[in-house]
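Notes for the one structure printed next.
Please treat every number below as a calculation from the coordinates, not as lab data. These figures come from a predicted structure and were not determined experimentally. For neighbour counting, all protein chains shown are included, and Cβ atoms are generated from backbone atoms with ideal geometry for every residue, glycine included.
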């Protein structure tokens, strides 16, 4: 999505060439491939450890750190390896997104009209907010020290990075729709009056 925004704003005349169906297929295949590889590595790691502290975790999100707490094998090397691999994947994606948005913001700031700024920023900021929420809460969840861990905190953080970005995403993109803004304003007024 960051690349789509970059091409649309910084190279609008080349949009059809740079983001043709072939490029979209390659980007989708790369994203799905990385996600599948990461999921396979986590699944293989999970099935290769032996559990000696029971088989019940404290919450309904079955996450790797909670499973590793139940392990009696020396799984910290696996955990470190998976965290390094996941961090490299996330960091490379995050750097690509940041570089794309830096180029977009540089191009937008060269636009003389304030209306152009507003349109470009309103198009670019919502995905950046959703990605930032996902990355920051996911990073906190996996890299927080054990001394900070508690079942309620783990649950809240897990909900923040698994449910909230997916639920907020359609709302953020819909807020540019004038009809939805008007309906939301009427709903708030009706709620406050009753």
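Principal-axis analysis of the Cα atoms of the chain puts helix 114-143 at an angle of about 0° to the longest axis.
Per-residue ellipticity at 222 nm for the chain, helices alone: DSSP H runs ≥ 4 residues times -39500 (n - 2.57), over residue total, nearest 500 deg cm²/dmol? Working shown, then result.
Numbers: 9 runs with 150 residues, N = 194.
After summing the helix terms and dividing by residue count, I get -26000 deg cm²/dmol.
Shown for 147, 100, 152: other C-beta atoms within 10 Å of each C-beta, ranked fewest to most, produce the order 147, 152, 100. Taking 40, 131, 98 as the candidate residues, the one with maximal mean-square fluctuation in a Gaussian network model of the chain, Cα springs under 10 Å, is 40. Helix 151-162 and the long axis of the chain differ in direction by around 40°, with both axes built from C-alpha atoms.
In percent, how large is the relative contact order of the chain, given Cα pairs closer than 8 Å and 6 or more residues apart?
Numbers: 101 pairs, mean separation 41.2, N = 194.
Over the chain, the number comes to 21 percent.
Normalised Debye scattering of region 1-42 at q = 0.15, 0.16, 0.23, 0.32 Å⁻¹ gives log10 I(q)/I(0) of -0.45, -0.49, -0.74, -1.02, counting only Cα atoms as equal scatterers and leaving out solvent.
Using a 10 Å cut-off around each Cβ, can you sort 84, 108 from fewest to most neighbouring Cβ atoms?
Details: 84 10, 108 19.
By the 10 Å Cβ count, ascending, the order reads 84, 108.
The GNM of the chain, with springs linking C-alpha atoms under 10 angstrom apart, assigns the highest mean-square fluctuation among 66, 42, 26 to 26. Hey, what D do you get for the chain in µm²/s if you plug the Kirkwood alpha-carbon radius into Stokes-Einstein at 25 °C and 0.890 mPa s? So the translational diffusion coefficient is about 122 µm²/s.
Going by neighbour counts of Cβ atoms within 10 Å, the residues 56, 123, 137 line up, fewest first, as 56, 123, 137. Once both labels are positioned 7 Å from their Cα atoms along Cα-to-Cβ, the gap between residue 95 and residue 163 label points is 3.5 nm. Angle of helix 21-48 to the longest C-alpha principal axis of the chain, folded into 0 to 90 degrees and rounded to 10: 20°.
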